[in-house]
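K.L.:
Let me give you the structure first, and then I'll get to my questions.
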Amino acid sequence: MIVDPDSSARLPALGADTTAIIHENLVVLLTFAFSWSALKHYQGWLTSRRWHHNEDVFWKLRQQRARRAIIELAVMFRALDKAKKVSSHPYVTTHPSHPSYGDLYGRDGTLNPLPLWDVPNKIIHAERIDWDFADPKQPSVVCHAPAEDHERWPWVKATIHITSFAAVCGALAR
């Protein structure tokens, strides 16, 4: 357990319900990410049986719901982190499986590890959110920075490892 929701630091407005919202959205995100290849195969099977109107059911609506879930999860996680300092917890800072939560691509061409405290910020401030399922064991959320105002947004892209971020979210106490 990373955070005790009943500890002295109070969360704005939601209290202990914050972790419940994070977990609900985490389920949507994980279901979307890890069902991708199976549904891609099933979509091919359906298409071979002349059911050609499956694009909305299989991809468009699922991606829309997954984007909404990751944004809501990020907002709640950021509120929790601000109140409870989750990204400073020893589990997060010393656990060997969590050295980085993804990669941050700078406008200057640099590539840096993405720290946990920056994960929700990249999701919230992204101009566009995409998915990378090239490695089925390490699916990623891909956040694209706003193209304008380079001084405010010194990054162009952030890839977030879903499994690493999910490990922290799943360890939050309810």
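The values are calculated or read from the model by the stated rules, or taken from the named source; none is laboratory data. Everything numeric in this text was worked out from a predicted model, so none of it was measured. As a convention, Cβ positions derive from the backbone with ideal geometry for all residues, glycine included, and neighbour counts pool all protein chains shown.
K.L.:
Considering the stretch 106-133 alone, what residues qualify as being over 20 Å from Trp59 (Cβ atoms), in a loop (DSSP other than H, G, I, E, B) and not β-branched (Val, Ile, Thr)?
P.N.:
Arg107, Asp108, Gly109, Leu114, Pro115, Glu127
K.L.:
Tell me the residue from Arg62, Arg67 that is among the charged types (D, E, K, R), under 19 Å from Thr159 (Cβ atoms) and either surrounded by 15 or more Cβ atoms within 10 Å (Cβ to Cβ) or at pLDDT 95 or above (or both), please.
P.N.:
Details: Arg62 fails: under 19 Å from Thr159 (Cβ atoms).
That would be Arg67, the only listed residue that is among the charged types (D, E, K, R), under 19 Å from Thr159 (Cβ atoms) and either surrounded by 15 or more Cβ atoms within 10 Å (Cβ to Cβ) or at pLDDT 95 or above (or both).
K.L.:
Within the stretch 91-100, track down each residue that is at pLDDT below 65 and surrounded by 13 or more Cβ atoms within 10 Å (Cβ to Cβ).
P.N.:
His95, His98
Residue-wise test of (1) touching a residue at least 60 places away in the same chain (Cβ under 8 Å); (2) loosely packed, with under 15 Cβ neighbours inside 10 Å.
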position	(1), (2)
Asp103	no, no
Pro113	no, yes
Leu116	no, no
Glu127	no, yes
Ala134	no, yes
Pro139	yes, no
Glu148	no, yes
Arg152	no, yes
Trp155	no, no
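K.L.:
Identify, by number, the condition in (1) part of a helix (DSSP H, G or I); (2) at pLDDT below 70 that Val28 doesn't meet.
P.N.:
So Val28 meets the others, but not (2).
K.L.:
Further, regarding this structure: Among the residues of the stretch 16-31, how many are surrounded by 17 or more Cβ atoms within 10 Å (Cβ to Cβ) and more than 11 Å from the chain's Cα centre (by Cα)?
P.N.:
3
K.L.:
Quick one: which of Asp103, Asp6 is at negative phi, at pLDDT 75 or above and not in a helix (DSSP H, G or I)?
P.N.:
Criteria check complete, one pass: Asp103.
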